[in-house]
Amino acid sequence: MTSTTSAYVIEPPKIAAVAVASGGLFPVRRVFCVGQNYSEHAREMGSNPEVDPPFFFMKPADALMPDGAVVPYPPQTNDLQHEVELVVAFSGGGRDVAPEDAEALIFGYAVGLDLTRRDLQAAAKKKGRPWDMSKGFDHSAPCGAILPRAAAGAMASGAIRCRVNGAPRQSGDLADMTWKIPQIVAFLSALTEICPGDLIYTGTPAGVGPILRGDDVEATIDGLPPLTVRIG
Ligand code: MN
């Protein structure tokens, strides 16, 4: 036995991370996502946006992909879809966080894509089954560089867009989020402790649609580093 022998019986997995715009890497613990957080998108998904509190699902941290990545077209789907989202990165955390205390926990913001196997999601919804395999597959969470909060501001408004091969697909405004960031933090932290390293994908505006092999997907939010990926 050498001093470098660890108790791990296999090589420990790498820590997932997202680039920070000003340099360095933000290590990621968990990736939470908010469902149907813009009323026009909730309607296009067949839900009533006025009634429900926010609901959450998750993606594995190793599903993150950086700006400029080639995202392999996933197996077991004929309907891969784009969802551009504001991503919130946490340097602090807590349980039962009051909305007014949420902002101080935030490290920064990024542009993300919540890639979705829509056909598998529709089948899961129909049978009341979990969304994991429609949302949390390999490479399903592209995320652009994180802009620290001091440089980004509160991100309460601003255009959020997705283009595919240069053609506009999604266009909305952060101000149209049904549940704002402080409320999302309050709801999520009532369900589970938020921890440093956590990300929240905060939902997508209307206009989601299919993407194909070879497509260039460009996701932008005013004031944040853009995110472009190619579907491989
Ligand atoms: Mn989404």
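The values are calculated or read from the model by the stated rules, or taken from the named source; none is laboratory data. All of these numbers come straight from a predicted model, not from anything done at the bench. Using ideal geometry, Cβ is built from the backbone for each residue, glycine included, and neighbour counts are taken over all protein chains shown. To get the accessible areas, we keep the full protein, side chains included, count just its heavy atoms, and leave off ligands, DNA and RNA. Shrake-Rupley method; radii C 1.70, N 1.55, O 1.52, S 1.80 Å.
Between Ala190 and Met133, what length comes free when the chain is fully extended (0.36 nm per residue of separation minus the Cα-Cα distance, one decimal in nm)? List each step's numbers first, then the result.
Values: separation 57, 0.36 × 57 = 20.52 nm, distance 2.53 nm.
So the chain would gain 18.0 nm between Ala190 and Met133.
Annotation for Met58 and Ser171: the two label points, set 7 Å from Cα along the Cα-Cβ direction, are 3.8 nm apart.
Residues whose amide H lies under 5 Å from that of Tyr38, counting only those 5 or more places away or on a different chain, are Thr178, Thr204; hydrogens are built 1.01 Å from N in the peptide plane. In region 41-103, which GluC sites (Glu not before Pro) are in a loop and have at most 12 other Cβ atoms within 10 Å, using DSSP for the loop call? The qualifying sites are Glu50.
Heavy atoms of the protein chains alone define the surface here; on that basis the chain has 48 Å² accessible area per residue at 1.4 Å probe size. By the helix-only formula, in which each DSSP H run with n ≥ 4 contributes -39500 (n - 2.57) and the sum is divided by residues, the chain has a 222 nm mean residue ellipticity of -4000 deg cm²/dmol. Which log10 I(q)/I(0) values does the chain give at q = 0.08, 0.10 Å⁻¹ under the Debye formula, counting every alpha carbon as one identical point scatterer? Values, matching the q order: -0.28, -0.43. Non-local lysine pairs in the chain, meaning eight or more places apart or on different chains, with alpha-carbon distances under 21 Å, amount to 9. Computed from the C-beta positions of Arg213 and Ala122 and an R0 of 22 Å, the FRET efficiency is 0.55 to the nearest 0.05.
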